[in-house]
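Scroll down for the structure; my scribbles are underneath it.
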Amino acid sequence: MLRLLALFLLLSGSLFAQTTLPRPWNARWISHPGIERQAYAIIHLRKSFDLEAAPASCQVHVTADNRYRLFVNGQPVGRGPARGDLRHWRYETWNLAPYLRPGKNVVAAVVWNFGDFRPQAQMSHQTGFLLQGAEENAVFLNTDASWKVALHPGHHPIDPSAFSLYSYLVVGPGERIDGNATPWGWETLNHDDSNWLAPRVLEPGYPRGTGTGADWMLVPRDIPAMTETHVRLASLRRAEGISLPAGWLPGQPLVVPPNSKVSLLLDQGQLTTAYPELRVSGGAGSRVRLTYSEATFGPGNAWALPGRKGNRNDTEGKEVIGYWDEFLPNGQAGQQYATLWWRTWRYVKLDIETAAEGLTLDDLTGWETHYPLEEKASFTASEPLLSDIWRVGWRTAELCAHETYVDCPYYEQLQYVGDTRIQALISLYVAGDDRLVKKAINDFADSRIPEGLTQSRYPCATEQVIPTFSLFWVSMLHDYWMLRNDPAFIQQHLPAAEDVIAWYLRHLNEAQLLGAHPWWNFVDWSWPWSEETRYGGVPPGNLTHSSILHFQLIYTMNQLAEMMEGFGQPEKAASYRQMATRMIAAGRQAFWSEEKKLFADTPEHSSFSQHASTFAMLAGAVPEADQPALMQRILTEPSLTQATTYFRFYLTRALVKAGMENKYLGELGQWKDMLALGLTTFAERPEPTRSDCHAWSASPNYEFLATVCGIQPAAPGFNQVRVRPAMGNLTQVEGSMPHPLGEITVKLERKGATGVAADIVLPTGLSGVFEWGEKSQALSPGLNKVKL
């Protein structure tokens, strides 16, 4: 009977719907015939054509390896592709119609491959360009032998080793552009391309899942275009070799005489990520260098650069050290130079050296770029300094979100799981935007190695594995599961989450204690870098038994168990919980110090850290009645290895778990210190720090809403809300945040020593509970007035 039913369903189409599979594209990848596959190359491509009339729509799919910028009739259309890997190579869809006209037209693109100097975040197969008409009236534009191609002979790399930053710098080369060898106007309608070459024609475009093999497996871009907003430098801090009128800034023409050396120190006023754009006239034989820096540096040992920063507003007696670009003007009027990739700076040092001809600096400006996060949430409180922390934290989050999240925009531009978990929460709470969050989760899923772990950073040309970050990827899934009603997205990743846990469980000993396991077991920069081991941030016990690693595994396993139960797999959930119970018992026996009333880092009890007891708390290894006393010792015991800015996110999770969230506002010393030092974004770690902009340090923008205002999901999918404020010593707090159903607003005012009055507004369809101490009140959609 069951077989007959199955056959009936199959024949009736109830089980299997017809699916339209993608087909290979007719367009073919094209490249320059005279370059090596992976050599440094900047190429220009053009396709000229005539139209009887401008179309209402003309959509095309476009991609390139490494990168491209697309033009129509000299007008910029867009940049791409969004970063991915060769198995998930993104393409953008652009509508060319607004740029087309009756008569002659040209579609043009610059494509670049930085070769050996390409950023670590950039994957690559070979230099190439691909354009496929997405509509019938656009297929005549498909890339093929009818296009024309030319090398850009005036664009050269500046080897990053020349920058003397004495740090891990993997964002690509500087760019040297020689105006004498630049084909000015190459992208415009009337440029003479008669000497351009026919392209080398490569494979067709293969959407992922088509063909019998592809060098690039194409998938559509799933995030919006990056912002490009015009920004100007705020002030001139220093001028050498020239006398300038008071208040001079770029935009006011500056004539540099022949045979002169001029140096200008310019201040943006805050950190930015932008494409610099320089316009000059004259100056044949001159050289213009732009050096970019997050801060100015005082005198001292070059190998101790981070310790030489001091107050970021101070420039007296200090110098700019950083990467640079160079432009070599050819003497023409109104030459405009722009880099192919964006730069990060607060300070720009402009060095001009002229020869026999003077140079006029017409303008120096920037086009700020990052992911278009919109600040939909708000937060204010009776302590004004918290508004400054909110503002600087949001700036940090903005500049660390591009086509992927990035750990730091200046030095690395790599998407690491440990950073990204915190960045994703900020995006969801402050912007209500889950597109980059989902892309990040997918990116890390795509990065998995055969052992079952994710890579620690991805996309990345060099494989790096940090097992603790694989656990945080599972935590990211749990965060998203709680904050978005998107079950199909989570379910597709649950098998991979199980693989991560299974990898760890293979390293348990007979006593159910996590033993030594390979790769880089990073926890926090509280433990210094070692040249001997070639890693840092690794706690004691890494090569034997570490309580921190042991309890983080349990913490994550409990999160996976919750998701398994939520998706109707109670047997798996019970299995994980049983394992967690056994591991907790083993961990308490091995790591608990009855003498210190703390969890040690190792079974030898020779070292103790905030991290060990924090993760023991989060893992459920501490009875509820004992949690406040343990939390107090974590906060006050001076001999403990202290958590840096990053790990304090987890310290706060333990505070909340122990019911001591009202202490959170008293734990903001590191952020207040950064403000006092003049930082306009939050740094990687307390001084001395390498990066002045690190998104994991923007966690207060999440905490002010989730902990201070107390807005937390009370059920998966954020289908219910729990508002449990932690005002500390504040007398007033106001906050709002986007929810998938609308806006949640919270307005709080202290009443006496222990009371509160609250106005809570929930969107239609959302209910929940307000909690204050031991008291609670149900919340309904609309305005809720609470007095407790």
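Helix 627-636 and the longest principal axis of the C-alpha atoms of the chain enclose an angle of approximately 50°. Taking the inverse of the mean reciprocal distance over all distinct Cα pairs, the Kirkwood hydrodynamic radius of segment 530-601 comes to 13.9 Å. The alpha-carbon atoms of segment 492-644 define a convex hull whose volume equals 126 cubic angstrom per residue.
Accessible surface comparison of Arg28, Arg633, probe 1.4 Å, protein chains only, largest first: the order is Arg28, Arg633. Take segment 391-463 with all the other protein chains still there, run a 1.4 Å probe, and you get 19 Å² of accessible area per residue. Length, then width, then depth: along the principal axes, the Cα atoms of segment 236-295 run 33, 25, 19 Å. Label positions at Phe140 and Lys376, each projected 7 Å from the Cα along the C-beta direction, are separated by 4.3 nm. Calculated mean residue ellipticity, 222 nm, the chain: -6500 deg cm²/dmol, from DSSP H runs (n ≥ 4) at -39500 (n - 2.57) each, averaged per residue and rounded to 500. Phi angles of segment 96-109 translate, via the Karplus equation with coefficients 6.51, -1.76, 1.60 and θ = phi - 60°, into HN-Hα couplings of 7, 3, x, 9, 8, 8, x, x, 6, 9, 9, 9, 9, 8 Hz per residue; Gly and Pro are given as x.
Angle of helix 417-426 to the longest C-alpha principal axis of the chain, folded into 0 to 90 degrees and rounded to 10: 90°. A protection proxy built from the mean count of other Cβ atoms within 10 Å ranks the segments 349-355, 280-286, most packed first, as 280-286, 349-355.
Arg685 contributes about 80 Å² of solvent-accessible surface, heavy atoms of the protein only, 1.4 Å probe. Accessible-area rank, largest first, for Asp524, Asp116: Asp116, Asp524, with all protein chains present and a 1.4 angstrom probe.
Using the Cβ-Cβ distance between Glu451 and Asn195 with R0 = 51 Å, the FRET efficiency computed as 1/(1 + (r/R0)^6) comes to roughly 0.45. Candidates Pro245, Ala134, Ala162 compared by Cα position along the dipole of segment 124-255: farthest toward the positive end lies Pro245, with charges placed on Cβ. Extension gain, Val761 to Glu463: 0.36 nm times the residue separation minus the Cα-Cα distance gives 102.6 nm. Short to long, the 5 Å bins of the Cα pair-distance histogram for segment 236-386 hold 2, 8, 16, 18, 17, 14, 10, 7, 3, 2, 1, 0, 0 percent of all pairs. Per-atom-type breakdown for the chain gives carbon and sulfur 51% of the accessible area (1.4 Å probe, protein chains only).
Label-to-label distance for Ser164 and Ala778 is 7.1 nm, based on points extended 7 Å past Cα in the beta-carbon direction. Using heavy atoms of the protein chains and a probe of 1.4 Å, the accessible area assigned to Met579 is about 30 Å². When both bridge partners sit in segment 88-220, DSSP labels roughly 50% of those beta bridges antiparallel. Note on Asp215 and Glu771: their simple-model spin labels are 5.8 nm apart, each label 7 Å out from Cα toward Cβ.
Helix 2-12 and the long axis of the chain differ in direction by around 30°, with both axes built from C-alpha atoms. Quick one: plug the Kirkwood hydrodynamic radius of segment 391-436 (C-alpha pairs) into Stokes-Einstein at 20 °C, 1.002 mPa s, and report D in µm²/s. For these conditions, the coefficient is 204 µm²/s.
Averaged over its residues, segment 577-670 has an accessible area of 39 Å² per residue, based on protein heavy atoms and a 1.4 Å probe.
For segment 263-336, the equivalent ellipsoid derived from the Cα gyration tensor has semi-axes of 29, 14, 10 Å, listed largest first.
Classification of segment 408-566 by its C-alpha gyration tensor yields an oblate form. The axis ratio a/c (a ≥ b ≥ c) is 1.5 or more, and b/c is at least a/b.
Considering only beta bridges that DSSP places wholly inside the chain, some 90 percent are antiparallel. Take the Cβ atoms of Leu385 and Glu637, set R0 to 25 Å, and the FRET efficiency comes out at 0.40. By the rule of a C-alpha distance below 16 Å, with chain neighbours fewer than 8 residues away ignored, the lysines paired with Lys318 are Lys309, Lys349. Taking all protein chains into account, the per residue accessible area for segment 184-269 stands at 52 Å² (1.4 Å probe). FRET efficiency for the Asn311 to Trp248 pair, using the beta carbon distance and R₀ = 35 Å, is estimated at 0.90.
Spherically averaged projected area of the convex hull of Cα atoms, segment 582-713: 9.2 nm². Sequence-ordered 3J(HN,Hα) estimates for segment 541-547 from the Karplus curve with 6.51, -1.76 and 1.60 and θ = phi - 60° stand at x, 4, 9, 9, 9, 10, 5 Hz, glycine and proline given as x.
The values are calculated or read from the model by the stated rules, or taken from the named source; none is laboratory data. Everything numeric in this text was worked out from a predicted model, so none of it was measured. Counting neighbours? That spans all protein chains shown, and the Cβs are built from the backbone with ideal geometry, glycine included. We work out accessible area using only protein heavy atoms, side chains counted, and drop any ligands, DNA or RNA first. Shrake-Rupley method; radii C 1.70, N 1.55, O 1.52, S 1.80 Å.
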